[in-house]
Amino acid sequence: TILACALPVNCQEVPDPTDVDDQDAIAVPARTALYQNTTNPFNPMTTIHFDLARDAHVSLKIYDVAGRLVRTVANEPMTAGYDRQVIWNGRDDDGKRVSSGVYFYRLVAADYEATRKLVVMK
């Protein structure tokens, strides 16, 4: 910030063109975190929420209780920030609706890995 003054003491702040506006800054969480999906149990779709502490390639996959891959819902680079969301429509990679039961979703982003449980109920 620069002070612009007219004589004798009439000063006002004038923005410096090199100042960074705090309102344009993007809030970035201190750590990456995976949250419980909403709604849970669900039918026919649910939202998976997570925070990213830094830009990273994000892999988010759904597995059945036997550990078999059911669906890849995200496999792409994402920017850091709060409340990133991915929606799962309850279908497998072939487009077929999955049966009722317990499933797991796994987030891998940079050096972070976490798994949570979700329930499909028909």
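The values are calculated or read from the model by the stated rules, or taken from the named source; none is laboratory data. Note that the structure is a prediction, hence the values are computed from the model and not measured. Cβ atoms come from the backbone with ideal geometry, glycine included; neighbour counts cover every protein chain shown. Quick note on the areas: whole protein, heavy atoms, side chains included, nothing else; ligands and nucleic acids left out. Shrake-Rupley method; radii C 1.70, N 1.55, O 1.52, S 1.80 Å.
Treating only the Cβ atoms of Lys and Arg (+1) and Asp and Glu (-1) as charged, compute the dipole magnitude of segment 30-122 about its Cα centre; round to the nearest 20 debye.
Values: 13 positive and 10 negative charges, 70 e Å.
I would put it at about 340 debye.
Dividing the alpha-carbon radius of gyration of segment 19-122 by 2.2 N^0.38 Å (N being the number of residues), what value is obtained? Provide the component values of the computation, followed by the final result.
Working: Rg = 15.1 Å, N = 104, 2.2 N^0.38 = 12.8 Å.
Cα Rg divided by the expected 2.2 N^0.38 Å: 1.17.
With a 1.4 Å probe and all protein chains left in place, how much of the accessible area of segment 45-122 comes from carbon and sulfur atoms, in whole percent?
Working: 2060 of 4290 Å².
Looking at segment 45-122 in its full context, I get 48 percent from C and S.
If you find the alpha carbon centre of segment 34-57 and of segment 89-122, how far apart are they in angstrom?
Each part reduced to its Cα centre gives a spacing of 10 Å.
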